[in-house]
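**Student:** Below you will find the structure I want to go over with you.
The values are calculated or read from the model by the stated rules, or taken from the named source; none is laboratory data. It should be emphasised that the depicted structure is a prediction, and the values quoted were computed from it without experimental measurement. Cβ: placed from backbone, ideal geometry, glycine included. Neighbour counts: every protein chain shown. Heavy atoms of the whole protein, side chains included, go into the accessibility calculation; ligands, DNA and RNA do not. Shrake-Rupley method; radii C 1.70, N 1.55, O 1.52, S 1.80 Å.
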Amino acid sequence: MQVKVLMVCLGNICRSPLAEGILKAKVNPTNVFVDSAGTSNYHIGSKPDARSIQIASKYNIDITNQRGRQFTVKDFDDFDLIFAMDNSNYKNIVSLARNQKDESKVHLILNKIHPGENMDVPDPYYGGTTGFENVYKMLDKATDVIVKEISNL
Ligand code: 4NP
């Protein structure tokens, strides 16, 4: 069975495109489908932020073909696991859940490496490039755990 994983942030141009690209690079696409979305409609159809493209390419990951889209209720039907980058994204996603099954699919991504701490992947949009390196490292560690968990499903 193919596991379907959705990475979600606010704009779908900085953090979740990186999370999508990093996880995709670690899995067999036959076994794992990975996508990303934003809770907002700010950047529908946009390419990832140039700084996300840059940090991904530094680690040999190409995210240039991704385009921004907004999270919709249908994503609860289409995905098994939904990872929110921060607490605000988490609340926004859960507010759209229709039932307990929908809600149970949503997780804060950094709880994979800091269980129960409910930490945010900091929004790097208004910061410099160091923010993106920091985000990359956090997502690299968290996706390692996600890969292990998926392979045990
Ligand atoms: P992201 O970063 O949620 O990691 O994609 C942001 C991108 C754009 C905006 C906010 C956060 N914005 O306000 O346009």
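**Student:** Would you tally the residues in the stretch 5-16 being touching a helix residue (DSSP H, G or I) at 6+ places or on another chain (Cβ under 8 Å) and near the ligand (Cβ under 7 Å from one of its atoms)?
**Tutor:** So the count comes out to 5.
**Student:** Please specify each residue of the stretch 122-140 satisfying the condition of being open to solvent by 50 Å² or more (accessible area, probe 1.4 Å), more than 10 Å from the ligand (Cβ to nearest atom) and over 17 Å from L23 (Cβ atoms).
**Tutor:** If the condition is that a residue be open to solvent by 50 Å² or more (accessible area, probe 1.4 Å), more than 10 Å from the ligand (Cβ to nearest atom) and over 17 Å from L23 (Cβ atoms), then T129, T130, N134 are the ones that fit.
**Student:** Quick one: is T130 of a type outside the set (G, A, S), free of Cβ contacts under 8 Å to residues at least 60 places away in the same chain and closer than 26 Å to N31 by Cβ? So that I can check it myself, show each step before the final result.
**Tutor:** Working: of a type outside the set (G, A, S): yes; free of Cβ contacts under 8 Å to residues at least 60 places away in the same chain: yes; closer than 26 Å to N31 by Cβ: no.
Criteria not met by T130.
**Student:** Take V106 and tell me if it is among the β-branched types (V, I, T) and touching a strand residue (DSSP E or B) at 6+ places or on another chain (Cβ under 6 Å). Please lay out each step first, then the result.
**Tutor:** Details: among the β-branched types (V, I, T): yes; touching a strand residue (DSSP E or B) at 6+ places or on another chain (Cβ under 6 Å): yes.
Criteria met by V106.
**Student:** What number of residues in the stretch 57-71 are of a type outside the set (D, E, K, R) and within 13 Å of the ligand (Cβ to nearest atom)?
**Tutor:** 5
**Student:** So, restricting to strands (runs of 3 or more DSSP E) that lie completely within the stretch 1-92, which ones have at least 1 residues that are open to solvent by less than 70 Å² (accessible area, probe 1.4 Å) and in contact with a Cys (Cβ under 9 Å, 6 or more places away or on another chain)?
**Tutor:** Values: elements: 3-9, 32-38, 81-84.
By residue number, 32-38, 81-84.
**Student:** Restricting attention to the stretch 101-115, does a residue exist that is within 12 Å of the chain's Cα centre (by Cα), at pLDDT 95 or above and farther than 17 Å from V145 by Cβ?
**Tutor:** No, the stretch 101-115 contains no residue that is within 12 Å of the chain's Cα centre (by Cα), at pLDDT 95 or above and farther than 17 Å from V145 by Cβ.
**Student:** Can we say T143 is assigned to a helix (DSSP H, G or I), open to solvent by 80 Å² or more (accessible area, probe 1.4 Å) and β-branched (V, I, T)?
**Tutor:** no
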